[in-house]
Structure formats: structure tokens, C-alpha cells
Amino acid sequence: FSSELSESTTLTYDTLRFGEFEDFPETPEPVWILGKQFNALKEKDEILSDITSRMWFTYRKNFQPIGGTGPTSDTGWGCMLRCGQMILAEALIRRHLGRDWRWVRGQRQREEYISILNAFIDKKDSYYSIHQIAQMGVGEGKSIGQWYGPNTVAQVLKKLAVFDKWSRLAVHVAMDNTVVIEEISKGACAEPEGPLEINGCLEGACALAEEALWKPLVLLIPLRLGLSDINEAYIETLKQCFMMPQSLGVIGGKPNSAHYFIGFVGEELIYLDPHTTQPAVELCESGQIQDDSYHCQHPPCRMHICELDPSIAAGFFCQTEDDFDDWCAHIRKVSLHSVAVFFWLCR
């Protein structure tokens with residue numbers, strides 16, 4: 001993670017569109033994408049539709065200067081920031097649209113989707129824009145234009161989520177390879193800020209009061225799975241993370257570039273690659289967004305799992321407290337049956 005592609009050698013959207021991509025493999029091995037299992041021989045279209053429906057954030061150029069006088073492009077330095085956007089966007093899709101939601105090119109989108117995408121548009125007042133992430137990173141010791149690691153972007157996303165009152169997320173970053181259940185409960189369980197109303201009245205609010213006390217949880221776990229290379233003892237446990245229904249994937253990469261990993265097939269990780277520079281997108285007068293460039297419409301990239309840099313952050317989303325309890329049960333089960341566990345649960 002010491003360097004990046006220079007702007008002169010960075011792929012452009014046009015070269016990506018017309019370049020050659022390896023087709024998705026036809027294999028009897030199961031394909032896992034963010035907690036869902038697919039059959040590559042029978043469900044290839046479903047696999048590609050699912051992947052295309054994930055938000056794809058890449059380098060952009062010609063956006064508003066960051067901080068008023070800063071960069072107008074993140075080419076060469078923003079790949080981990082874009083991966084952070086992708087993992088959080090997946091959490092927002094789960095929160096507002098559900099895991100089974102699908103994006104269809106040219107189809108008018110739901111208002112919730114427009115609101116999610118607008119939160120990431122490259123402008124200073126979007127909750128999770130490159131501008132906000134870069135400027136919030138200054139508090140984490142990163143100057144604007146400096147490359148982030150997985151832990152830094154996790155900490156920045158946690159700070160930014162506080163301002164997103166619509167999504168009302170509890171973002172928890174588990175440090176030292178340890179998930180402390182009591183800390184999560186304190187952060188995700190909170191009293192309503194005022195009387196809970198439904199459609200302008202209190203009728204029916206009591207039935208939702210208990211649910212309202214739980215904020216949908218985004219759990220980010222920065223990890224180091226080896227020294228310079230991934231310890232192969234961790235590979236099966238890492239695969240288990242993608243198989244859990246709460247999975248948001250993994251941000252990390254290979255030396256010199258960050259990727260957003262969303263699943264695996266066999267010994268290959270499936271990922272979305274932010275390393276292409278596209279023009280910044282502006283809102284239309286109607287409030288709609290030209291969103292084709294925010295969805296990867298070619299076969300996804302793949303790499304052997306042993307090529308993964310050992311510094312990663314795994315993400316999980318728990319809409320309800322029951323989801324979190326179920327996730328804890330999954331982790332305990334993996335701990336019992338795995339020869340190598342890379343994080344722990346404790347009370």
C-alpha cells in the first residue's frame with residue numbers, strides 16, 4: 001500500500017468499457033456474494049445482476065475543489081476512500097432497500113436509492129462525499145490527498161455517520177481484533193430523541209418503540225492477517241465472513257491498490273475496483289442522477305486469495321438486535337470449528 005498508479009497510467013472509463021474482461025467462470029463450486037450463495041452454472045445472470053446492483057465508486061475528476069482550494073480529482077490517492085464509500089453504501093442499501101434490491105439500467109429508481117446515491121456525490125455537502133471523507137481524515141492525521149489504510153477510513157466513516165439523521169446508523173469500529181458486545185449494545189441501543197410518531201401521530205408508535213431503541217449497526221473490524229503476506233491459516237475463516245448474511249464485504253487490496261471485496265469463488269476473491277477515472281456527476285434539475293457510472297456493468301474482477309494484502313477491514317450490517325445476536329452465534333460457531341480465528345467476541 002506504499003504507492004498508487006500515477007494519473008497518466010490510470011485506466012479511464014472508456015478503456016474499461018472497451019477493454020477485455022475475463023468472463024465469470026463456469027464452475028460447479030459455489031459462488032458467495034455478500035452472504036448469498038449462487039450456482040455459477042445455473043445462475044450466472046443472477047450473479048451478474050447482484051454484482052451490478054452494488055454501488056461502484058471510482059476515481060473522479062473535475063469535481064468541486066476539496067476544501068475550496070484543494071484537489072479536483074482523487075486519481076492516484078483516493079482508492080481506499082472510494083472502497084470505504086462502497087462498503088458504507090452497501091450498508092445504506094441494506095438499511096433502506098434490502099439485500100434483494102436490484103438496480104436495472106434505465107429504470108426510474110426509488111426515492112430511497114436517489115437519497116443514498118446523493119449522499120456520496122462528489123460535492124462538499126454530501127454526507128459521505130470524497131470531500132467529507134478527505135477533510136474528516138485530517139483529524140486522523142491524514143492530510144488531504146494522502147493515502148488511507150483500512151482502519152483510517154473506518155474511523156472517518158464512523159465520525160461522518162453521526163450527521164446522517166436519515167439513516168440513523170450506529171457505526172462501531174472494533175479495535176485490537178476484539179468485538180466487545182457491551183460496547184456495541186451501548187452504541188446501538190439508544191433512547192429516541194423525542195416522541196416517536198408515525199405519519200404525524202403517536203398511534204402505533206408503542207408497537208415500534210422497542211425496535212426504535214436499536215440503531216441499525218455497521219460493524220467494521222480492522223484486521224491484520226499476517227506480516228507481509230496473508231497467513232494461509234486465516235483463509236477459510238475469511239471465506240466464512242463472506243458467507244454470513246450480515247456480510248458487507250471487506251476493504252483492503254493487494255500491494256499498491258485498494259479494492260472492495262464482495263465475495264469469492266473457489267480460491268478467488270471477487271471485487272470491485274475503484275482504479276478508473278470518470279468525470280464527476282452533477283444532479284439533474286429533476287433531482288435524478290445519471291447513475292450508470294455508479295454500477296459496474298462488466299464482469300467483476302477476481303484475484304487469488306493469497307495475493308491479498310494482510311491489512312484489511314471486514315464489515316457487517318445488523319438491521320435489528322436479532323441480526324446482531326445471530327451474527328454473534330455465527331462467529332462463535334466459526335470459532336469452534338476453525339483452526340485460526342482472527343478476531344474474538346467478549347462481553
Problem set entry | Projected label distance in nm at Trp344 and Asp326, using a 7 Å step from Cα toward the beta-carbon | 2.8
Problem set entry | DSSP bridge pairs, the chain: antiparallel proportion in percent, nearest 5 | 75
Problem set entry | Rg/Rh ratio calculated on Cα atoms of region 38-145 (Kirkwood radius) | 1.04
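Run the numbers for Glu140 and Ile181: contour at 0.36 nm per residue of separation, minus the present Cα-Cα distance, in nm.
Extra length available between Glu140 and Ile181 comes to 12.2 nm.
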Problem set entry | Gain in span if fully extended, Gln290 to Asp100, counting 0.36 nm per residue against the direct Cα distance | 66.2 nm
For this session: With a probe of 1.4 Å, find how much accessible area the chain has per residue, and write the answer as a whole number in Å².
Result: 46
For this session: Rank Gln107, Thr27, Ala40 by how far each Cα sits towards the positive end of the charge dipole of the chain (+1 on Lys, Arg Cβ; -1 on Asp, Glu Cβ) and give me just the farthest.
Result: Gln107
Seminar exercise, completed: Note on the chain: contact order normalised by length, alpha-carbon pairs under 8 Å, 6 or more apart, percent, works out to 26
Exercise. If the viscosity is 0.890 mPa s and the temperature 25 °C, what Stokes-Einstein diffusion coefficient in µm²/s follows for region 232-304 when Rh is the Kirkwood radius over Cα pairs?
Worked result: 170
Exercise. ³J(HN,Hα) across region 63-78 via Karplus (A = 6.51, B = -1.76, C = 1.60, θ = phi - 60°), whole Hz, x for Gly/Pro?
Worked result: 8, 4, x, 5, x, x, 10, x, x, 10, 8, 10, 4, x, 9, x
For this session: For Lys333 and Glu22, compute 0.36 nm times the residue count separating them, minus their Cα-Cα distance, and round to one decimal in nm.
Result: 108.4 nm
Problem set entry | Sites Glu29 and Leu283 - FRET efficiency at Förster radius 56 Å, r taken between beta-carbons, to 0.05 | 0.85
For this session: Go through 163-170, 237-244 and give me the packing order, highest mean Cβ count within 10 Å leading.
Result: 237-244, 163-170
For this session: Using label points projected 7 Å from each Cα along Cα→Cβ, tell me how many nm separate Leu227 and Ile114, to one decimal.
Result: 5.5
For this session: Output the DSSP H helices from the chain with an along-axis C-alpha extent of no less than 20 Å and a mean Kyte-Doolittle hydropathy no less than -1.0.
Result: 79-96, 321-337
Seminar exercise, completed: Straight-line reach check, Lys239, cutoff 18 Å on alpha carbons, 8 or more apart in-chain or any other chain, hits among lysines -> Lys36, Lys254, Lys333
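The values are calculated or read from the model by the stated rules, or taken from the named source; none is laboratory data. Remember, it's a predicted structure, so these values are computed and weren't measured experimentally. Heads up, the Cβs are rebuilt from the backbone with ideal geometry, glycines too, and the neighbour counts pull from every protein chain shown. When the accessible area is computed, the model is the full protein with side chains, heavy atoms only, and any ligands, DNA or RNA have been set aside. Shrake-Rupley method; radii C 1.70, N 1.55, O 1.52, S 1.80 Å.
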